[in-house]
Amino acid sequence: MTGKNLSILPAALMGLWLAGCQPSLNSDAPALQARTSAPAAAPDCGSCHFYPLHDVNHNYHLNGLNPREAVQSLFVYERKNGIIVCMDCHFGSVAHRKYNWYDTLWGTEGDVRATADKLPNDPIYRIDTIPGFLPLPAGMRSEDATSDRVNAMMESAARIGSLVSWMTSRAHMNGQVDVEFSPNIVLDTNLSKSAFRASDLSCSSIECHNAPKKTYRWASKAKGLNGCPTLEHFPELDTSCNYSPKQEPK
């Protein structure tokens, strides 16, 4: 067939003729649909932004002893180690899974004790099944992320002043900072997405902030805002965000 004849072949026929000379261009469906046991690949949290973010608010919540002690006392069941993680305030942006954990109550009807209060001769009263959510560490398969393993990673990191890198979800890539509290920590789910007010960096009363009349606000040099309450309870500063030391819980 001459070049002149080739030039007048319809495009469709030309495609068929060429296809016969080429290896198959069809997708390899079995390979594309195959499942792998390897953990999902993920970039390091610090590859896109500082991790943790270098500001007083994140340092306080993630590394401070005061909030850790508060979580340990307020969320005896939900977070016994007291460590605050990214999922607690950015629930939709961090990959997580549901899981159940268990707590044993000792004693008898009318005299029920937690493990810490157990007496040597107490019988088992019941074993509670408690639902929760577990953040997924980066580079770990969901089925390998047991609560014991993840908690051990958090505690090991906290001992050296570090943080675990978590797998993010698609919502983390939407170009916005989404504040959504985890049901592990904010038990009133009506407040999950509305407790934080970005306009003045205030956070309405949630279980973590145990004084119901307080207005909690993060400090911001860029916005010209002091944090509330101030550590020293300066009246001229605290009253600017409707806070008074008299609102402290008794």
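Descriptive notes on the structure:
- Rounded to the nearest 0.05, the FRET efficiency derived from the C-beta distance between Lys246 and Lys80 at R0 = 30 Å is 0.40.
- Cleavage-rule hits, GluC sites (Glu not before Pro), the range 81-163, DSSP coil, Cβ neighbours within 10 Å at most 14: Glu109
- Taking Lys and Arg as +1 and Asp and Glu as -1, the other residues whose beta-carbon sits under 13 Å from that of Val71 total -1.
- Under 5 Å, built H, 5+ apart or other chain: amide partners of Tyr125: Leu105, Trp106, Gly107
- Aspartates and glutamates whose Cα lies under 16 Å from that of Lys98, excluding same-chain neighbours fewer than 8 positions away: Glu78, Asp88, Glu143, Asp144, Asp148
- Segment Lys221-Phe234, extension gain: residue separation times 0.36 nm, minus the distance between their alpha carbons: 2.9 nm
- Extended-chain gain in nm, criterion 0.36 nm per residue less alpha-carbon gap, Lys98 and Leu191: 31.5 nm
- On the beta carbon distance between Ser205 and Arg141, with R0 = 35 Å, the FRET formula returns roughly 0.35.
- Close amide-amide hydrogen proximity is noted between Val94 and Ser169, each under 5 Å apart and 5 or more residues distant or on a separate chain (H modeled in the peptide plane; Pro and chain starts excluded).
- Virtual spin-label span in nm between Ala116 and Asp55, 7 Å along Cα→Cβ: 3.3 nm
- Euclidean distance of C-alpha centroids, the range 69-86 and the range 100-135, integer Å: 17 Å
- In this structure the amide hydrogen of Trp101, modeled in the peptide plane, comes within under 5 Å of the amide hydrogens of Ile130, Gly132, none closer than 5 places in sequence on its chain.
Every read-out reported here was derived from the displayed coordinates using simple, explicitly stated rules and does not represent laboratory data. Bear in mind the structure is a predicted one, so any value in this text is a computation, not a measurement. Every residue, glycine as well, gets a Cβ built from its backbone with ideal geometry; the counts of neighbours run over all protein chains shown.
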